[in-house]
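The next block holds one structure in the form of structure tokens; read it before the comments.
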Amino acid sequence: MAELSNQLMALTVLAYLAAMVCYAGEYAFGRRSHIGKAATRQLVGAGAPVGDEPPAVVAEPPARRSKGDLISLIAVGLNIVGLLLHLGTTVTRGIAADRMPWGNMYEYILSTALIGSAVWVGVLVRKPAVRHLGLFATLTLVVLLGAAALVAYTPVGPLVPALESYWYVFHVSTIIVSSGIFLVGVVPAIMFLIKNGWDSGKRSFPYTLGRRVGDAGVLERLTFRLHAFAFPLFTFGALIAGPLWAEASWGRYWGWDPKEVWAFISWIVYAAYLHARATPSVKRTTATWIAIIGFVTMLMNLFGVNLFFEGLHSYA
């Protein structure tokens, strides 16, 4: 079963990679993406309308399906296939280990990326017009899973004694779910800054990527909604379930362990983002930069702390 999980992992990366290539094809050759509802064109005669009769509304003729649309449908299909393979990879890993597949860094990245992929597909179903973001969402998944396979891979083994607790499910699961949502949330955040720069007249790279992106406001609102949903989960996992488990296992709620410190830093940054986003005097671009910094601290906690620091969480 462990070997099957490894084989499915390779197929998962290939499926996401193929979806990424198709998303790139649609992004490059398809019609300009429009996020949100397009404005309805009205035909109004010269002078005031007669009586109370509203101005005539001329419906836009249906656009013919382009090659870019066909490529995008293939991309979405491959994306869903990748998600199913990803689910199979995670489930078979858990079956092989006879436990929840969250016991080490490799399994954590695998599960977090799975949540991120599922959230992205959910966003895609809810808002099909944002499918052009799939290029960057699948790129993120390919990079993370590639790093997991090349840097963090760990053979299947039993759970270390320090993790054998009922808090294991509550703490780790909420951190994984919130991290997966933050993973998706950083994609529209980055694209909002790029699109906003393009609209402001910036024509150097990476702002040129914003040429085919739709409304920047929709990207910014999507960023906020994803972060607002993930933040309470992250708060519970990092600042409630984590300290309670630490007290039960190590006899103290907080010990300034590197993992604890960086989780707290991430929490502060994301709280600052939500506060800035709710403050009218703070520019949306400034708030979005704070959200991106929050994701950087999450990456530091995942890779930097695990690889370069020693602490009570070193088993991860």
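Looking at region 82-97, can you tell me whether even one residue there is touching a residue at least 12 places away in the same chain (Cβ under 8 Å), surrounded by fewer than 17 Cβ atoms within 10 Å (Cβ to Cβ) and either under 25 Å from PRO232 (Cα atoms) or not small (Gly, Ala, Ser) (or both)? Talk me through it step by step, then tell me what you get.
At the first step, the residues of region 82-97 found to be touching a residue at least 12 places away in the same chain (Cβ under 8 Å) are 82-83, 85-90, 92-93, 95-97.
If we keep only those that are surrounded by fewer than 17 Cβ atoms within 10 Å (Cβ to Cβ) as well, we get 87, 95.
Within this subset, residues satisfying the condition of being either under 25 Å from PRO232 (Cα atoms) or not small (Gly, Ala, Ser) (or both) are 87, 95.
Within region 82-97, one or more residues are touching a residue at least 12 places away in the same chain (Cβ under 8 Å), surrounded by fewer than 17 Cβ atoms within 10 Å (Cβ to Cβ) and either under 25 Å from PRO232 (Cα atoms) or not small (Gly, Ala, Ser) (or both).
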- Task: Please find, within region 170-225, the residue that is farthest from LEU110 (Cα to Cα) out of those that are open to solvent by 50 Å² or more (accessible area, probe 1.4 Å) and among the acidic types (Asp, Glu).
- Result: ASP199
- Is region 67-80 home to any residue that is farther than 30 Å from LEU159 by Cα, open to solvent by 30 Å² or more (accessible area, probe 1.4 Å), modelled with pLDDT under 95 and among the polar types (S, T, N, Q)? no
- Query: Looking at ALA241, is it small (Gly, Ala, Ser) and either under 24 Å from the mean Cα position of the chain (by Cα) or open to solvent by 40 Å² or more (accessible area, probe 1.4 Å) (or both)?
  - Reply: yes
- Message: Looking at (1) open to solvent by less than 40 Å² (accessible area, probe 1.4 Å); (2) farther than 18 Å from PHE136 by Cα, which one does ARG252 not meet, given that it meets all the others?
- Response: (1)
- Task: Scan region 272-301 for residues that are surrounded by fewer than 17 Cβ atoms within 10 Å (Cβ to Cβ), assigned to a helix (DSSP H, G or I) and of a type in the set (S, T, N, Q) and report the count.
- Result: 2
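Kindly state which helices (runs of 4 or more DSSP H) lie completely within region 160-271 and contain at least 1 residues that are without any contact (Cβ under 8 Å) to a residue 12 or more places away in the chain. Can you show your working first?
On the way: elements: 167-199, 216-236, 242-250.
So the answer is 216-236, 242-250.
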- Note on the structure: Filtering region 14-23 down to residues that are under 18 Å from the mean Cα position of the chain (by Cα) and either modelled with pLDDT under 90 or among the small types (Gly, Ala, Ser) (or both) yields ALA15, ALA19
- In region 105-155, which residues are open to solvent by 20 Å² or more (accessible area, probe 1.4 Å) and in a loop (DSSP other than H, G, I, E, B)? LYS127, VAL151, TYR153, THR154, PRO155
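The values are calculated or read from the model by the stated rules, or taken from the named source; none is laboratory data. The structure presented is a predicted model; accordingly, all values stated were derived computationally and were not measured. We place every Cβ from the backbone using ideal geometry, glycine too, and count neighbours over all the protein chains shown. For accessibility, only protein heavy atoms count, side chains too; no ligands or nucleic acids. Shrake-Rupley method; radii C 1.70, N 1.55, O 1.52, S 1.80 Å.
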